[in-house]
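Values in this text are rule-based calculations from the coordinates and carry no lab data. Please read all numbers here as calculations on a predicted model, not as lab measurements. Backbone-built Cβ (ideal geometry, glycine too); neighbour counts: all protein chains shown.
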Amino acid sequence: MTAAEPPARTCPSSSCEPGNLLLGIVRPDGTLAGVRPPLELDATFVARAHAGERPPEARMRFAGPCVTSRCRHWSGERCGVADLVADAAPDGHRADLPPCPIRATCRWWSQRGAAACRICPAVVHTWSSTTNG
């Protein structure tokens with residue numbers, strides 16, 4: 001008997017590519033306004049998003065497959081970004097978590113749980129000097 005394969009994980013801070021999901025729009029204050037339900041990106045959306053002055057990742061948040069060791073943020077057996085954001089989360093034990101359409105497969109949730117989940121809406125993939133204005 002073989003062990004079941006773990007579920008495929010989703011990166012909540014992926015790039016603007018066809019097949020990925022639009023999770024939200026970055027507000028002027030740098031937080032995320034979630035898109036419910038998330039929208040699957042097609043080639044037309046991606047082309048239009050890349051036509052803007054700023055990278056789409058500075059204006060929107062995307063989710064895509066976690067590529068583990070093929071990602072520059074992968075460290076050994078872990079996502080370095082998940083650890084970074086969870087460690088940056090303010091202390092506190094709020095019981096409520098922000099709504100999340102990918103929590104069941106999210107890499108950050110599976111790795112760091114509520115600590116990563118609570119700070120997730122404040123994470124911007126690509127920050128630029130004009131991200132919030």
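Dipole size in debye (nearest 20) for the chain around its Cα centre, Lys and Arg Cβ +1, Asp and Glu Cβ -1?
In total the dipole reaches around 60 debye.
Quick check on the exposure proxy: order 69, 13 from fewest to most C-beta atoms within 10 angstrom.
Going from least to most buried by this count: 69, 13.
Considering all projection directions equally, how large on average is the shadow of the alpha-carbon convex hull of segment 1-73, in square nanometres?
Spelled out: convex hull of the Cα atoms, projected over all directions, averaged, 6.8 nm².
Beyond 22 Å, what share of the Cα-Cα pairs of the chain remains, rounded to the nearest whole percent?
Here the tail beyond 22 Å accounts for 37 percent of pairs.
Extension gain residue 68-residue 96, at 0.36 nm per residue separation less the Cα-Cα distance, in nm?
Fully extending the segment from residue 68 to residue 96 adds 7.2 nm.
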